[in-house]
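Asker: This is the structure I have questions about; it appears just below.
What follows is calculated from the coordinates using simple rules that are stated; it is not laboratory data. Given the structure is predicted, the values throughout are model-derived calculations rather than measurements. For neighbour counting, all protein chains shown are included, and Cβ atoms are generated from backbone atoms with ideal geometry for every residue, glycine included.
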Amino acid sequence: MISLRKEIEVSDQVATRLKSLLKAFLGLTGVLPKTALPADPDLSGLCRENLERATVRFETADIPTAAIEAAGKMCVDQVEAIYAANKAAIEERDAALKEVVTTVADAVKGFKGHGEKHKSALTQLADDFGELSRVEDVGDLRRRLRDEIAKLHQCADEIRRDSDETARRFETQISSFRQRLEMARTDSSIDRLTGLGSRREAERHLAKLGEEKGPVTVLLYSVEGLQEINDRFGPLFGDKLLRAFAHLLHERYGDEDQVYRWSAHEFLAVVLGSMPIALELARHTCRTFFTTKYQTAELGENVALRSRVAVNAAPYQRGESVEELLRRARQGLQPVEAGGKSLGGR
């Protein structure tokens, strides 16, 4: 009798702890969508829908183990998606800031000899732009950028009284920057480095795969050793390699297929057709890129380099989530080379 009572007490304790864990998990799923940056509100909404769908059965007292495991997996997938999107938004913000600082620095150089008053004002503006690099909220960053542009116009009005011709040149630079800023805000469908479709545009495409009537294959490419290349030869050479690979992908795929830059070193191709044909073309593309040599200066000499690419194909299965499709593609990544030593290989 005592043993039975003890087992009941232990069982009650376990049930109480499970209820607490479930409450904590549901609280996490409720707050998780809010961690997506304001730059990508669509991701926040999609995350909320996915998690609500995964936890709908938690309202019942008898929750199947499979439902709990599926909800946990969905939660992890959403964390990974939000992390990738936030990282891309911050990189986009940093790139915009660098462009702004460069524009202001060039403007300061152009006004040398027009009086210390204007040079000081422009230098102050340059310092203000530097402070913006510490702004975390993308929406706040854009608002403050607009304020700084207004200050630039005010400075141009003051300079006009000294030199109309120089001021017109300055205003042209400001207008050009305003246009680039607006394009960066509204046109997020193009990756600025490679000219391919952006990750956000790829996510829109993947979400509509269920509308395709025939077979669809998703191919994931990963340029290996990019960080090592950047550390040794500089990010400019790393960017050169990425643009070269993007150009090769653009040439290999037809008008019906779509190619995107998925992350810093990954590319995504959505191909209409069966997997075997698509994968063979992908491997041939990787071999072509590996056997092409790219020149970079090191210690005063031109050094020919090669970079290896890993690839895998995953056929789209009706009804599966985008997260699961990409997970299958990433799990099977295999490096492709045509012999010889690869800088990017392991």
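Asker: Around residue 314, what is the net charge, scoring Lys/Arg as +1 and Asp/Glu as -1 over all other residues with Cβ under 10 Å from its Cβ?
Answerer: Neighbourhood net charge equals +1.
Asker: So, R0 is 51 Å and r is the distance between the beta-carbons of residue 23 and residue 334; what FRET efficiency does that work out to, to 0.05? Each step should come with its number before you reach the end.
Answerer: Working: r = 43 Å, r/R0 = 0.84.
FRET efficiency, residue 23 to residue 334: 0.75.
Asker: Mind sorting 63, 68 by how few other Cβ atoms lie within 10 Å of their own Cβ, fewest first? Before the final figure, lay out the partial values.
Answerer: Working: 63 15, 68 18.
Least crowded to most crowded, the residues run 63, 68.
Asker: Holding the Cα-Cα limit at 24 Å, pick out from 34/73; 73/213; 73/208 the pairs that are longer than that.
Answerer: On the way: 34/73 19 Å; 73/213 29 Å; 73/208 22 Å.
As for pairs spanning more than 24 Å Cα to Cα, those are 73/213.
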